[in-house]
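Reviewing the structure listed below.
The values are calculated or read from the model by the stated rules, or taken from the named source; none is laboratory data. Keep in mind that this is a model prediction, so the values were computed, not measured. Here Cβ is always computed from backbone atoms with ideal geometry, including for glycine, and neighbour counts include all displayed protein chains. Ligands, DNA and RNA are excluded from the accessible area calculation, which covers all protein heavy atoms including side chains. Shrake-Rupley method; radii C 1.70, N 1.55, O 1.52, S 1.80 Å.
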Amino acid sequence: MSLEKKRWLQTALQIRGSVVPQVLPRSLFCGVFGLLVTISFVHGHPVSMPALASLIPNIVLGLLLVFRTNTAYDRFWEGRKAWGKLVNDTRNLARQIWVAVSEVTERDSSAAQSVRTDKIEALHLLVAFSVAMKSHLRQEPLGAEIERLVQPDHFVRLKGIQNPPLRVAFWIGDYLQLQYQRDRIKIHQLTEMQNLLNGLVDCLGACERILKTPMPIAYAIHLKQLILLYCLSLPFQMVGNLGWWTPPVVVLISFTLFGIEAIGIEIENPFGRDPNDLPLDTICETMLKNIQDLTDLRPSNHSSDLHLPLVAAHEEQQNGTRS
């Protein structure tokens, strides 16, 4: 059973992460307007107009709100899928770099250690790509989170360009090409790694498309006008039957409609820091932990010394066979 089911009432009354602070003032405004209409009706003014119920059919307004919310959720879910693919491609590329880039070809132990250090820096660049992408989508300056993942001169360069993730992707691709030129990876391995790197850039492009494609302003304006017109017409429809109950009923209905529209606005850009946005900080921290766990492993090509016992055993077996 999920935590939300166990704490149903607590979730229903929760303010943080909800749209209550945004929509409550508008709903109260409609309620005050309904109170004024009710007072006018009580004093004998002919303000009861049930015919206004056909002004904006409920089904039309309902379909518009559903379309607005579904469109916003599609953007939210597409952003989540892009970051999910980013995590998977990062893990696969990190695993291939750590395992495939050979250190056995280096006869000097200091040279092998240098190769290993370069590999660790390349893996940190993969995390730096995600952190830079997060800051880029949030339109925030790069901070200490990425500074500890890249070299100091690289960090200075990143701060002076418009699209830091692309520069990090260039450095990763340059590293892969260099390993191929030094015969540490094969051509098919380079191709596979480059495909994974292209996948990272594709995820960046998908998120940029979501960020830079806002809801058409004409649609947003028209929907807001329809909701406001509908909510302000409610008192005239209800006052004849509900009397003094008109204001609280108007507040309730207005709160529902304004809330649905506000939820669409809340989730249409899922890359910010609001409670309803994607947990990008947590995702980046998870990727860094995955990289750290990976570097604790020692693949078979991590050092040529690992092959010596196997070679000695094989030679001893052959000598025993000959004798």
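So what is the calculated 222 nm ellipticity per residue for the chain, using -39500 (n - 2.57) for each DSSP H run with n of 4 or more, over all residues, to the nearest 500 deg cm²/dmol?
On the way: 13 runs with 238 residues, N = 323.
Taking each H run of at least 4 residues, the total per residue is -25000 deg cm²/dmol.
Can you send over the solvent-accessible area of Phe236, 1.4 Å probe, protein chains only, in Å² to the nearest 10?
It works out to around 40 Å².
Considering only protein heavy atoms, with the full assembly of protein chains and a 1.4 angstrom probe, order Thr71, Thr90 by accessible area, largest first.
Details: Thr71 40, Thr90 5 Å².
The residues order as Thr71, Thr90, largest area first.
For the range 222-236, just list the computed ³J(HN,Hα) in residue order, Karplus coefficients 6.51, -1.76 and 1.60, θ = phi - 60°, integers in Hz, with x standing in for Gly and Pro.
For the range 222-236, the Karplus-derived couplings read 5, 5, 5, 5, 5, 5, 5, 5, 5, 5, 6, 8, 4, x, 5 Hz, x marking Gly and Pro.
Based on the Cβ-Cβ distance from Tyr73 to Gln181, what FRET efficiency comes out when R0 is 45 Å, to the nearest 0.05? Mind dumping the intermediate values first?
Values: r = 47 Å, r/R0 = 1.04.
It comes to 0.45.
Taking the Cα atoms only, what angle lies between the long axis of helix 246-267 and the longest principal axis of the chain, rounded to 10 degrees?
Compared with the principal axis, the helix lies near 20 degrees.
Is there a quick way to get the dipole size of the chain? I mean about its Cα centre, with the Cβ of Lys and Arg at +1 and of Asp and Glu at -1; what is the value in debye to the nearest 20? Before the final figure, lay out the partial values.
Working: 31 positive and 30 negative charges, 164 e Å.
In total the dipole reaches around 780 debye.
Hey, with R₀ at 22 Å, roughly what FRET efficiency would Val60 and Met215 work out to, going by the Cβ-Cβ distance, to 0.05? Intermediate values should be presented prior to the final figure.
Details: r = 19 Å, r/R0 = 0.85.
Between Val60 and Met215 the formula returns 0.75.
What angle, in degrees between 0 and 90 and rounded to the nearest 10, separates the Cα long axis of helix 308-322 from the longest principal axis of the Cα atoms of the chain?
50 degrees
Which whole-Hz ³J(HN,Hα) couplings does the range 37-44 yield from phi under the Karplus relation 6.51 cos²θ - 1.76 cosθ + 1.60, θ = phi - 60°, glycine and proline marked x?
Karplus-based 3J(HN,Hα) across the range 37-44 equals 5, 5, 4, 4, 5, 5, 7, x Hz.
Largest first, what is the accessible-area ranking of Tyr73, Tyr219, Tyr230 with a 1.4 Å probe?
Sorted descending by solvent-accessible area, the residues read Tyr73, Tyr219, Tyr230.
Between Ser114 and Asp277, what is the FRET efficiency for a Förster distance of 30 Å, r being their Cβ-Cβ separation, to the nearest 0.05? Numbers along the way, then the final one.
On the way: r = 41 Å, r/R0 = 1.37.
So the FRET efficiency works out to roughly 0.15.
Which value, in Å² rounded to 10, gives the accessible area of His188 with a 1.4 Å probe and all protein chains present?
120 Å²
For a quick check of your reading of the filter: which trypsin sites (Lys or Arg not before Pro) in the range 12-100 sit in a DSSP loop and have no more than 13 other Cβ atoms within 10 Å? Display every interim value, and only then the final one.
On the way: sites: Arg16, Arg26, Arg68, Arg75, Arg80, Lys81, Lys85, Arg91, Arg95; in loops: Arg16.
Listed in order of number, the matching sites are Arg16.
From the residues Ser40, Ile260, Leu226, which one has its Cα farthest along the dipole of the chain in the positive direction, the dipole being from +1 and -1 charges on Cβ of Lys/Arg and Asp/Glu about the Cα centre?
Checking the options against the dipole of the chain, the answer is Ser40.
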